[in-house]
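Here is the structure we will look at.
The values are calculated or read from the model by the stated rules, or taken from the named source; none is laboratory data. Only a predicted model underlies this, so the values are computations on that prediction, with no experimental measurement involved. Ideal geometry is used to build each Cβ from the backbone, glycine not excepted, and the neighbour counts take in all protein chains shown. Keep in mind that these areas ignore ligands, DNA and RNA; they rest on the heavy atoms of the full protein, side chains included. Shrake-Rupley method; radii C 1.70, N 1.55, O 1.52, S 1.80 Å.
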Amino acid sequence: MIIELKSQATTEDLGRLQELVRGPFRTTKYLEMSGRRFIAISGARRDVSHDAIASDPAVAAVTSPDATTFFCRREFSPERTSQIPLGTQNIGDGKLRVIAGPCTVEGSDELYETARQIKRLGAHALRGGAFKPRTSPYNFQGLGFGGLELLAEVGRQVGIPIVSEVLDPRDVGKASSYVDMIQIGTRNMTNQALLKSLGAAHRPILLKRGSSSRLEELVRAAEFIVYEGNPLVALCERGIQTFETATRFTLDIAAVPTLRRMTHLPIVVDPSHAAGSRDLVTPLALAAAIAGADALLVEVHIDPERMIKPGDDAQALRIDEFAELLAQLRTVLAAVGRELAPPLGIGSHQSAVRPRRHEPNPLNVTSRRVVSRTR
Ligand code: PEP
Ligand code: MN
């Protein structure tokens, strides 16, 4: 249940409302979001009088006790897609952005060369995995913080924001000081401990859809992050499990306009993991761009044959194929009245300066628990 306060609501009003909702197994949290003020109540049941709250003079609006999501729903921002920072640019401003790079950070030379080339061609961020979720313990698990250090250094030298996945809530704080955006992979979309730990990350989050999760579940997962105090979440469609085995997963293109209807959060599409083979990446990326994706996440490697983990090479675009993808994207976007966001400027390396800690949240979100009572 969420209560929206009128802007003039006072501390006394807050105290009175706390009394009204007080009850067993219930916690209450005060949140400020996009200049609006809220009390979010967990564990509200029918014994909370909706009418008494709704008629309180300090209350602007109140949801039903059954509401499962609020801050991420389209109704929270009916007219505007939320914009989330990616270095000096914003995802969600209507222009398409491209995040690209190797599945796994393997070494500094390849990474530097990949970053340099993708930036030259017009990519807006470098993505590489340092903590790798794997389906087998015998696959290369990534370089961990060593990989994040390499990414940060290459991002700084080349002047490109970086994105990388985090697997463990204990790593979120430290990882935030290296990356511009934290990726949460498909296997962790339902990991609530990890989602909750992102509330204090002060970094935008790229939240991938669980490969067997419904869109509603994806929006609910995002709601955990926003509820914990981080409103900077982009949702990523990356293919779902279906009966079809001709592709690695099935890219759910309908997810793009459907999520647009369900949520104001920006939408990213990853054609690479859905396809599993490079010849399918370009057509799927073009389809996502036409469907209205705010950004694409594409695996690119300067020399896929030399990739360490077998299998990953099959879906990575080579540099010339990535160049061709960007050329085709420009044509296709123009046909639907959209455009690729401008390339990163020479000066944009400032955005990747690290370490950065304790920065103010750009949307000025604060959250604090005002009542915590269980019995
Ligand atoms: C990845 O982005 O490299 C990755 C492992 O993605 P996913 O979580 O979508 O499988
Ligand atoms: Mn990958």
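Spin-label pair residue 64-residue 346: with each label point 7 Å from Cα along the Cα-Cβ axis, the two points sit 5.9 nm from one another.
In the chain, Cα pairs under 8 Å separated by at least six residues give a relative contact order of 22 percent. When a/c reaches 1.5 or more, the comparison of a/b and b/c decides; with that in mind, is region 150-287 rounded, prolate or oblate per its Cα gyration tensor? Because a/c hits 1.5 or more and a/b fails to exceed b/c, region 150-287 counts as oblate.
Accessible surface for residue 190 stands near 100 Å², nearest 10, in the context of the full protein assembly shown (1.4 Å probe).
Taking Cα atoms only, the orientation of helix 278-291 departs from the longest principal axis of the chain by about 40 degrees. Rounding to the nearest 10 and keeping the result within 0 to 90°, find how far the Cα-based axis of helix 215-227 lies from the longest principal axis of the chain. For 215-227 against the chain, the angle is about 70 degrees.
Phi angles across region 323-338 convert, under the Karplus curve 6.51 cos²θ - 1.76 cosθ + 1.60 with θ = phi - 60°, into 3J(HN,Hα) values of 4, 5, 4, 5, 5, 5, 4, 4, 5, 5, 5, 4, 5, 10, x, 10 Hz, Gly and Pro given as x.
Looking at the calculated P(r) for region 1-133, what percent of the C-alpha pair distances fall above 26 Å?
48 percent
Between the amide H of residue 104 and those of 129, distances stay under 5 Å, these residues lying 5 or more places away or on another chain, with hydrogens modeled in the peptide plane. Each of 160, 182, 123 was scored by the projection of its Cα onto the charge dipole of the chain, and the greatest displacement toward the positive side belongs to 182; charges sit on the C-beta of Lys, Arg, Asp and Glu.
Across region 144-185, counting alpha-carbon atoms alone, Rg and Dmax equal 9.7, 29 Å. Applying 1/(1 + (r/R0)^6) with r as the Cβ-Cβ distance of residue 303 and residue 214 and R0 = 35 angstrom yields a FRET efficiency of 0.35.
If you roll a 1.4 Å probe over the heavy atoms of the protein chains, what accessible area per residue do you get for the chain, in Å²?
The answer is 41 Å² per residue.
Can you give me the angle between helix 108-121 and the longest principal axis of the chain, using Cα atoms only, in degrees from 0 to 90, rounded to the nearest 10? Tilt of helix 108-121: around 80 degrees. Basic side chains Lys and Arg get +1 at the Cβ, acidic Asp and Glu get -1 at the Cβ, and with that the dipole of region 55-191 about its Cα centre reaches some 280 debye.
Take residue 55, project a point 7 Å from its Cα along the Cβ direction, then tell me which residues of region 5-29 have their backbone nitrogen under 14 Å from it. Correct set: none at all. Rounded, prolate or oblate, given the Cα gyration tensor of region 90-198, with a/c below 1.5 counting as rounded? Since a/c reaches 1.5 but b/c is at least a/b, the shape of region 90-198 is classed as oblate.
Using just the helices of the chain, give the 222 nm mean residue ellipticity in deg cm²/dmol: DSSP H runs with n ≥ 4 each add -39,500 (n - 2.57), and the total is spread over all residues, rounded to 500. Show your work: numbers first, answer last.
Values: 11 runs with 112 residues, N = 375.
Computed mean residue ellipticity for the chain: -9000 deg cm²/dmol.
Would you mind computing the Rg to Rh ratio of region 260-310 from its alpha-carbon coordinates, Kirkwood style for Rh?
Values: Rg = 13.2 Å, Rh = 12.3 Å.
Reported Rg/Rh (Cα atoms, Kirkwood Rh): 1.07.
Approximating the spin labels as points 7 Å out from Cα along Cα→Cβ, the residue 200-to-residue 32 distance works out to 2.0 nm.
Close amide H partners of residue 62, meaning residues 5 or more places away or on another chain with modelled amide H under 5 Å apart, are 4.
So what is the relative contact order for region 143-218, in percent, with contacts set as C-alpha pairs under 8 Å and at least six apart? Each step should come with its number before you reach the end.
Details: 98 pairs, mean separation 20.4, N = 76.
Worked out over region 143-218, it gives 27 percent.
Dipole magnitude for the chain: about 1020 debye, using +1 per Lys or Arg Cβ and -1 per Asp or Glu Cβ, origin at the Cα centre.
Put simply, the convex hull of the Cα atoms in the chain casts, on average, a shadow of 19.2 nm². The lysines whose alpha-carbon is closer than 24 Å to the alpha-carbon of residue 6, local same-chain residues fewer than 8 away aside, are 29. For region 218-338, the dipole from Cβ point charges (+1 on Lys and Arg, -1 on Asp and Glu) about the Cα centre works out to 360 debye, to the nearest 20.
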